[in-house]
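Chemist: First the structure, which I've put down as structure tokens, then a few questions once you've had a look.
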Amino acid sequence: MENYKNYKRLYYMPPVECYDWVKKDYVDHAPIWCSVDLRDGNQALIEPMSLDEKVEFFKMLVDIGFKEIEVGFPAASETEYQFCRTIIEQNMIPEDVTIQVLTQAREHIIKKTFEAVQGAPHAVIHLYNSTSLAQREQVFKKSKEEVKKIAVDGAELLNTLASETDGNFTFEYSPESFPGTEVEYALEVCNAVLDIWKPSEERKAIINLPTTVENAMPHVFASQVEYMSKNLLYRDNVILSLHPHNDRGCGVSDAELGILAGADRIEGTLFGNGERTGNVDIITLAMNMFSHGVNPELDFSNVVDICEVYERLTRMHVYERQPYAGALVFSAFSGSHQDAIAKGMAWREAGNCDKWEVPYLPIDTKDVGRRYESDVIRINSQSGKGGVSYILKQNFGIGLPEKLKEEVGYLVKDVSDKAHKELTPDWIYHIFEDNYILTRPVFHLDECHFKQEDGILAEATIHHAGENRVITANGNGRLDAVSNAIKHYFGISYEVSTYEEHSLTRGSSSKAVAYVGITCHKKKYWGVGIDADIIKASIAALTVAVNKIEEIKDANVCKDARLIEITNYIQSNYADVTLDDLAEKFFLSKPYLSKYIKEKSGMTFGDTLKMVRMKKARAMLKGSNMTVENIAESVGYQNVEHFNRLFKKAYHMTPVQYRNQK
């Protein structure tokens with residue numbers, strides 16, 4: 001881009017250094033706000049607002065809290081003139097609101113302007129003419145004195161017409177194209193106007209410095225403002241106003257540094273609408289103050305509604321990344337950002353913090369009417385476990401165990417990646433539900449009954465392959481007993497390695513959630529259950545987890561009804577049952593019964609009985625304070641040494657070591 005050589009700096013520094021403003025580090029009070037949406041903003045629209053639309057917009061500005069509103073350039077068009085007359089004649093201007101109208105320093109335009117505001121309870125007459133070197137030389141072809149005379153003549157005419165017109169008026173003057181004007185000359189013109197108006201404590205005047213075309217860095221503008229502020233005549237009775245534009249993208253910075261440099265008032269628009277790159281965005285300015293604990297004296301707590309009205313009336317679009325107001329400005333898709341936000345919010349809840357400080361969120365999104373559930377944590381293929389778990393927690397009360405968060409996070413990310421879409425909270429829950437709550441492709445438990453017999457005896461009805469089987473098993477608790485029944489039926493082995501539960505925090509305070517993680521061949525499987533009965537919830541979670549074990553589809557399932565009855569009888573009478581007892585119970589000979597058990601289960605009667613006794617012994621070791629001798633006797637072994645040898649052979653540790661392990 002060799003054409004950079006065609007450009008030069010077009011701004012003018014003050015004749016002396018003006019850097020007192022740098023000693024301040026933040027804006028400590030709200031300026032006087034003046035909305036110019038209905039004039040500067042409206043003239044920049046492809047299709048300007050109709051009278052009715054301007055009325056609605058005016059009412060919204062009043063509701064937001066603006067006390068000064070520029071309503072138009074009445075001499076520019078009939079719509080502008082009629083709008084001004086409508087809000088005056090229909091008494092639509094609140095007592096504490098001042099309207100403002102714009103006029104060039106030309107006699108017939110000034111007269112038309114006063115006609116438009118006649119009868120207004122209070123109005124600012126905003127006079128302007130361009131003072132820049134480029135405008136003087138190229139447009140008006142006038143000298144400095146001639147351009148100053150235009151301003152002075154306009155100021156005198158304002159004095160004259162104000163005395164002849166019904167109303168309460170304040171005068172404002174703008175040296176248009178101020179950034180391209182020699183600062184000393186801009187001061188000379190403004191002071192000449194002030195000498196005509198002679199502002200007083202009762203009747204102050206406004207000097208407005210517009211960055212009509214922004215052409216310098218913000219610190220340059222701040223120095224210019226400071227120079228003007230220190231050298232204006234009648235300074236105590238002058239309201240120094242700024243009207244920043246955004247040609248260099250620094251409108252907000254110009255305004256903030258300008259306030260530090262002495263400005264009392266800001267003219268701007270909602271969302272920065274305006275000619276070319278727009279005016280300064282008052283929402284951003286106000287919310288920047290708000291985020292520093294300063295009352296901006298404007299109400300943007302319903303920014304979503306404000307966006308809707310603005311877009312409908314102006315036919316403009318609020319950019320998704322518009323500070324504080326855009327649909328995505330508080331949204332976190334990044335996994336690390338989501339995790340930090342979720343932890344920050346949890347930290348706030350735990351500490352009852354009265355001041356806001358959360359990673360990646362400059363303000364509490366609720367303060368502008370946004371919701372955490374739908375506006376902050378957003379899920380796509382870039383998201384992580386923290387964001388997914390936060391969505392499930394905030395929207396559905398599902399507080400995932402730490403060890404489950406990563407698995408669910410990867411699952412959801414994979415769905416988003418393959419669908420090339422953002423996932424809504426409902427979609428995320430359905431993914432979670434399908435994979436951890438409802439998935440029971442191999443079997444499910446229709447019902448369970450429990451008895452208190454040397455721990456817990458469970459009678460579990462397992463529905464598998466179109467049939468129901470009642471399986472009896474013991475355990476040191478209800479879940480353990482049901483787990484043993486499932487293991488027995490399918491002939492599989494696994495360990496319940498994780499169990500957590502909590503009440504649902506949303507939707508229904510009477511329901512509980514249980515999370516069960518099992519380990520089989522060093523692989524982890526998870527299930528989740530939700531029910532008003534925590535026992536039912538935990539059994540449902542266990543069922544889902546076991547259904548995920550790959551080998552269960554081809555497990556050596558006991559389908560023989562008689563064998564199930566036999567093994568259930570052994571489970572219930574393990575302490576003293578013998579092969580003779582079984583033969584008598586089931587009307588079979590001992591040789592036939594022994595062969596039958598071996599063929600159907602792959603185990604001898606003795607091995608089956610020993611397995612049942614060892615499982616019961618384990619439950620007693622963990623769930624009671626009985627001595628090893630008493631446990632051995634309870635499960636059917638009179639000789640404790642024999643019991644110890646059998647236990648160590650089965651589990652590679654002694655009963656005492658098993659009891660003491662964590």
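Chemist: Within the stretch 596-637, can you find the residues that are at pLDDT 90 or above and more than 27 Å from residue 565 (Cα to Cα)?
Modeler: Answer for the stretch 596-637, where residues must be at pLDDT 90 or above and more than 27 Å from residue 565 (Cα to Cα): 627, 628, 629, 630.
Chemist: Going through 110, 93 one at a time, which residue ends up being buried (at least 17 other Cβ atoms within 10 Å of the Cβ), touching a helix residue (DSSP H, G or I) at 6+ places or on another chain (Cβ under 8 Å), in a loop (DSSP other than H, G, I, E, B) and free of Cβ contacts under 8 Å to residues at least 60 places away in the same chain?
Modeler: Values: 110 fails: in a loop (DSSP other than H, G, I, E, B).
Answer to the check: 93.
Chemist: Which numbered condition trips up residue 149, out of (1) charged (D, E, K, R); (2) in contact with a helix residue (DSSP H, G or I) (Cβ under 7 Å, 6 or more places away or on another chain); (3) modelled with pLDDT of 95 or more?
Modeler: (2)
Chemist: Output the residue which, of all residues in the stretch 229-245 that are assigned to a strand (DSSP E or B) and of a type outside the set (S, T, N, Q), is surrounded by the most Cβ atoms within 10 Å (Cβ to Cβ).
Modeler: The residue in question is 244.
Chemist: If you don't mind, there's one more thing I want to ask. I need a count of the residues in the stretch 269-291 that are buried (at least 19 other Cβ atoms within 10 Å of the Cβ) and on the phi > 0 side of the Ramachandran plot.
Modeler: Count: 4.
Chemist: Answer with yes or no whether residue 194 is assigned to a helix (DSSP H, G or I), of a type in the set (A, V, I, L, M) and within 30 Å of residue 217 (Cβ to Cβ). Talk me through it step by step, then tell me what you get.
Modeler: Details: assigned to a helix (DSSP H, G or I): yes; of a type in the set (A, V, I, L, M): yes; within 30 Å of residue 217 (Cβ to Cβ): yes.
Yes: the conditions hold for residue 194.
Chemist: Could you list all residues from the stretch 24-71 that are out of contact with any strand residue (DSSP E or B) (no Cβ under 6 Å at 6 or more places or on another chain) and among the small types (Gly, Ala, Ser)?
Modeler: Once the filter is applied, which keeps residues that are out of contact with any strand residue (DSSP E or B) (no Cβ under 6 Å at 6 or more places or on another chain) and among the small types (Gly, Ala, Ser), the stretch 24-71 yields 30, 44, 50, 65.
Chemist: Additional query: Can you tell me which of (1) at pLDDT 85 or above; (2) open to solvent by 50 Å² or more (accessible area, probe 1.4 Å) is the one residue 562 doesn't meet?
Modeler: Only one criterion is unmet by residue 562, namely (1).
Chemist: Could you say whether any residue in the stretch 619-633 is touching a residue at least 40 places away in the same chain (Cβ under 8 Å) and more than 25 Å from residue 495 (Cα to Cα)?
Modeler: The answer is no, given that none of the residues of the stretch 619-633 is touching a residue at least 40 places away in the same chain (Cβ under 8 Å) and more than 25 Å from residue 495 (Cα to Cα).
Chemist: Something else about it: Being within 21 Å of the chain's Cα centre (by Cα), among the hydrophobic types (A, V, I, L, M, F, W, C) and farther than 17 Å from residue 63 by Cα is the filter here; which residues of the stretch 286-315 pass it? Show your work before the answer.
Modeler: As a first pass, look at the stretch 286-315 and keep what is within 21 Å of the chain's Cα centre (by Cα): 286-293, 299-308.
If we keep only those that are among the hydrophobic types (A, V, I, L, M, F, W, C) as well, we get 286-287, 289-290, 300, 303-304, 306-307.
Once the filter is applied, which keeps residues that are within 21 Å of the chain's Cα centre (by Cα), among the hydrophobic types (A, V, I, L, M, F, W, C) and farther than 17 Å from residue 63 by Cα, the stretch 286-315 yields 289, 290.
Chemist: How many residues are hydrophobic (A, V, I, L, M, F, W, C) and within 16 Å of residue 208 (Cβ to Cβ) if we restrict to the stretch 101-118? Full working, then the answer.
Modeler: First, pick out the residues of the stretch 101-118 that are hydrophobic (A, V, I, L, M, F, W, C): 101-102, 105, 109-110, 114, 116-117.
Now drop any that are not within 16 Å of residue 208 (Cβ to Cβ), which leaves 101-102, 105.
Result for the stretch 101-118: 3.
Chemist: Could you give me the residue pairs with C-beta distances under 6 Å whose first residue belongs to the stretch 562-589 and is over 22 Å from residue 615 (Cβ atoms), whose second residue is in a helix (DSSP H, G or I) and open to solvent by 10 Å² or more (accessible area, probe 1.4 Å) wherever it lies, and which are 6+ apart or on separate chains?
Modeler: 583/590
Chemist: Can you tell which of 358, 294, 318, 368 is open to solvent by less than 30 Å² (accessible area, probe 1.4 Å), among the aliphatic types (A, V, I, L, M) and within 30 Å of residue 515 (Cα to Cα)?
Modeler: After ruling out the rest, the residue left standing is 358.
Chemist: Scan the stretch 374-396 for residues that are under 22 Å from residue 528 (Cα atoms) and modelled with pLDDT under 80 and jot them down.
Modeler: Hits for the stretch 374-396 are 379, 384, 385, 386.
Chemist: Now a separate question. Could you list, in sequence order, all residues of the stretch 122-168 that are of a type in the set (Gly, Ala, Ser) and either over 28 Å from residue 11 (Cβ atoms) or not in a helix (DSSP H, G or I) (or both)? Show your work before the answer.
Modeler: Looking only at the stretch 122-168, we keep the residues that are of a type in the set (Gly, Ala, Ser), and these are 123, 130, 132, 134, 143, 151, 154-155, 162-163, 167.
Result: 123, 130, 132, 143, 162, 163, 167.
Chemist: Could you check the stretch 274-291 and list, in sequence order, the residues that are assigned to a helix (DSSP H, G or I) and in contact (Cβ under 8 Å) with a residue 60 or more places away in the chain?
Modeler: Matches in the stretch 274-291: 282, 286, 287, 288, 289, 290.
Chemist: Might you let me know whether the stretch 332-341 holds any residue that is open to solvent by 10 Å² or more (accessible area, probe 1.4 Å), touching a residue at least 60 places away in the same chain (Cβ under 8 Å), among the small types (Gly, Ala, Ser) and in a loop (DSSP other than H, G, I, E, B)?
Modeler: Scanning the stretch 332-341 turns up no residue that is open to solvent by 10 Å² or more (accessible area, probe 1.4 Å), touching a residue at least 60 places away in the same chain (Cβ under 8 Å), among the small types (Gly, Ala, Ser) and in a loop (DSSP other than H, G, I, E, B).
For every residue, the table says whether it meets (1) closer than 16 Å to residue 243 by Cα; (2) open to solvent by 20 Å² or more (accessible area, probe 1.4 Å); (3) not charged (D, E, K, R).
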{"position": "34", "(1), (2), (3)": "yes, no, yes"}
{"position": "42", "(1), (2), (3)": "yes, no, yes"}
{"position": "45", "(1), (2), (3)": "no, no, yes"}
{"position": "48", "(1), (2), (3)": "no, yes, yes"}
{"position": "57", "(1), (2), (3)": "no, no, yes"}
{"position": "62", "(1), (2), (3)": "no, yes, yes"}
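Chemist: Further, regarding this structure: Kindly establish whether residue 514 is at pLDDT 90 or above and not in a strand (DSSP E or B). Give the steps one after another, and end with the answer.
Modeler: On the way: at pLDDT 90 or above: yes; not in a strand (DSSP E or B): no.
Spelling it out, it is not the case that residue 514 is at pLDDT 90 or above and not in a strand (DSSP E or B).
Chemist: Related question: Taking the criterion of being touching a strand residue (DSSP E or B) at 6+ places or on another chain (Cβ under 9 Å) and assigned to a strand (DSSP E or B), would at least one residue in the stretch 598-621 satisfy it?
Modeler: No, because not a single residue in the stretch 598-621 is touching a strand residue (DSSP E or B) at 6+ places or on another chain (Cβ under 9 Å) and assigned to a strand (DSSP E or B).
Chemist: When residues of the stretch 456-474 are filtered for being touching a Phe, Trp or Tyr at 6+ places or on another chain (Cβ under 9 Å), at pLDDT 85 or above and open to solvent by 20 Å² or more (accessible area, probe 1.4 Å), how many remain?
Modeler: Residues that pass the stated criteria total 4.
The values are calculated or read from the model by the stated rules, or taken from the named source; none is laboratory data. Keep in mind the model is a prediction, meaning the values are calculated, not measured. So basically every Cβ, Gly included, is an ideal-geometry build from the backbone, and we count neighbours across all protein chains shown. Heavy atoms of the whole protein, side chains included, go into the accessibility calculation; ligands, DNA and RNA do not. Shrake-Rupley method; radii C 1.70, N 1.55, O 1.52, S 1.80 Å.
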